[in-house]
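All remarks here apply to the structure that follows.
Taken together, the values in this text are just the output of simple stated rules run on the coordinates, not laboratory data. On a predicted model such as this, the values are computed, not experimentally measured, just so you know. Don't worry about glycine lacking a Cβ; one is built from the backbone with ideal geometry, like all the others, and counts go over all protein chains shown.
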Amino acid sequence: MPYRFKTGLNWSDTTPRADFINRRQLIAGAVAMGFGTPALARINALPSQYSTDAEPNTLEEITQYNNFYEFGPGKGDPARNAGGLTTDPWSVKIDGLVENPGNYDLADLMSGMVLEERIYRFRCVEAWSMIVPWIGFQLSDLLNKVGVRPGAKFVAFETLVRPEEMPGQESPLLDWPYREGLRIDEAMNPLSILATGLYGEAMPNQNGAPIRLVVPWKYGFKSIKSIVRISLTETRPQTTWNMQNPREYGFYSNVNPKVDHPRWSQATERRIGAGYFAGREDTLMFNGYGDEVTSLYAGQDLSKDF
Ligand code: MTE
C-alpha cells in the first residue's frame, strides 16, 4: 500500500482530541486521562500537506506507552514520573556555527514560527509504530531564523539534565545528557519539525515537553525530547544510542525494512492499539516518506550508513 497524504485540506482549527475519542478510549481512558478536568489551552495550528490520513492513535496510547529514559526505562515510567518536570521557564541554548547564538527563551525562539498540525507515522526501532497528531514548526524555519553559518554540516541536540526532576538520571542508564544529531540537509528537510504539542494542546511532559524533535522517516530514538541545546557543527556529533551500542544503532537510523537490527527483524511492525487479532504491518522504506527524502541519500550504501 503506497503511503497517502491527507487530501482536501482547509484552514480550520486543529483536530480536537474529542474527534478521536473512540469507545475503547472512553472506557479505558476516562479516568486515567482526567476528562472532565479543565481543558488545557488549545493551540491554533494549520493543517499540513504532510499529514497522513491514517487514523491517529488515541491520546491514551500516545501518552501512556513511552520511551523517555530520564524518567525510567519502562514504557509506563514516563507517564508515572514526568509530572514534576518544570517546563516553564524554559530556554534553549543555540551555539556553534550560527549567526545569532544565545540563550533563547522558548517564547522568543518560537516567535515568527508557523505552527502546523502534522499527523505523522512514528516508527520505533523496537518494531512498533503509532500515528501521532503533532503540533509543531519546521526546524528549517528556526535554523534560518538564527542563521546557519557556512561550514555548518550537522545539527546537534541535547536534552535537559536535571536529576532532581528526572529520576532516571540518578542512575547511569545512559550517558547523560541524551544527545542526537542530524546532517544539515536532513535538518532542513521540510518533514523535520520541532514539536511543542499534540492533539491540539501543549506537549505532555512524558512526550518531551516543552519542545522535542520529530523526524518521521527515522527510528523514534532520533526524535529527542525536552531539548535545551541546539548546536551547529562542522563535525558529526555524538549521539546517545550510537555511543551506547555502535553495532546496533548507527548515526542515520533511517527506517529501513531491508536492514535488520542485529537482534531482530525490521521488516514488519506492530501498530500500538491495533488489537490482538490485527496482523503485523509491513514496514515501509523511510517509514513511507521516501518521496520526500530518498534524494538525501543518493550515492550512499544504506546498509553501511545505517
Ligand atoms: N529523548 C530523550 N531525551 N530521552 C529518551 O529516552 N527516547 C527516544 C525518543 N526521544 C528518548 C528520547 C525513543 S527510543 C523513542 S521511541 C521516542 O523518544 C519515543 O517518543 P514518544 O514517547 O513520544 O512516543
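Indicate, rounded to the nearest 5 percent, the antiparallel portion of the DSSP beta bridges found entirely in the chain. Intermediate values should be presented prior to the final figure.
Details: 40 of 49 bridges.
Approximately 80 percent, going by the DSSP bridge assignments.
About its Cα centre, how strong a charge dipole does the chain have in debye, to the nearest 20, once Lys and Arg get +1 and Asp and Glu get -1 at the Cβ? Please report the intermediate quantities before stating the final value.
Working: 31 positive and 36 negative charges, 105 e Å.
For this selection, approximately 500 debye.
Among 288, 200, 233, whose Cα projects farthest towards the positive end of the dipole of region 164-306, with charges put on the beta-carbon of Lys, Arg (+1) and Asp, Glu (-1)?
Toward the positive end, the furthest listed residue is 288.
Using mean Cβ contacts within 10 Å as the protection proxy, how do 207-213, 81-87 order, highest first? Display every interim value, and only then the final one.
Working: 207-213: 22.9, 81-87: 17.0.
Ranking, from highest mean packing down: 207-213, 81-87.
Of the residues 65, 276, 120, which exhibits the maximal mean-square fluctuation in a Gaussian network model of the chain defined by a 10 Å Cα contact cut-off?
276
Which of the lysines could a cross-linker span from residue 218 if the Cα-Cα distance has to be under 18 Å and same-chain partners fewer than 8 positions apart are dropped?
The qualifying lysines are 258, 304.
In percent, how large is the relative contact order of the chain, given Cα pairs closer than 8 Å and 6 or more residues apart? Walk me through the numbers on the way to the answer.
On the way: 627 pairs, mean separation 58.0, N = 306.
Relative CO of the chain lands at 19 percent.
Could you work out the helix-only [θ] at 222 nm for the chain, with each DSSP H run of four or more residues adding -39,500 (n - 2.57) and the total divided by the number of residues, to the nearest 500 deg cm²/dmol? Write out the running numbers ahead of the final one.
Values: 8 runs with 48 residues, N = 306.
Value at 222 nm, helices only, nearest 500: -3500 deg cm²/dmol.
Search the structure for amide H atoms under 5 Å from the amide H of residue 271, placed 1.01 Å from N in the peptide plane, and list their residues when 5 or more places away or on another chain.
Correct list: 129, 281.
What fraction of the Cα pairs in region 74-122, stated in percent, has a spacing above 18 angstrom? Don't jump to the answer; show the numbers that get you there.
Numbers: 707 of 1176 pairs.
Everything past 18 Å amounts to 60 percent.
Mind jotting down the three principal axis lengths of region 134-212 based on Cα atoms? Whole angstrom, largest first.
Reported extents, whole Å, longest axis first: 39, 33, 17.
Take peptides 148-158, 288-298 and line them up by average Cβ neighbours within 10 Å, highest first, as a rough protection proxy.
Working: 148-158: 17.6, 288-298: 15.5.
Order by mean packing, descending: 148-158, 288-298.
Hey, if you put +1 on the Cβ of every Lys and Arg and -1 on every Asp and Glu Cβ in the chain, which of 261, 224, 110 ends up farthest toward the positive end of that dipole?
261
Please state the shape class of the chain: rounded when a/c is under 1.5, otherwise prolate if a/b exceeds b/c and oblate if not, all from the C-alpha gyration tensor. Intermediate results must be reported in sequence, preceding the final value.
On the way: a/c = 1.26, a/b = 1.11, b/c = 1.13.
Because its axes are fairly even, with a/c under 1.5, the chain counts as rounded.
To make sure I understand the rule: partners must be aspartates and glutamates, Cα under 12 Å from the Cα of residue 225, and not fewer than 8 residues away in the same chain. Which ones qualify?
70, 158, 180
Collect residues whose amide H, placed 1.01 Å from N in the peptide plane, falls under 5 Å from the amide H of residue 228; neighbours closer than 5 in sequence don't count.
Sorted by chain and number, the residues that satisfy this are 158, 159, 160.
Let's test the formula: R0 of 22 Å, r as the Cβ-Cβ distance of residue 145 and residue 42. What FRET efficiency results, to the nearest 0.05? If you can, show how the numbers build up before the last one.
On the way: r = 25 Å, r/R0 = 1.14.
After rounding, the FRET efficiency stands at 0.30.
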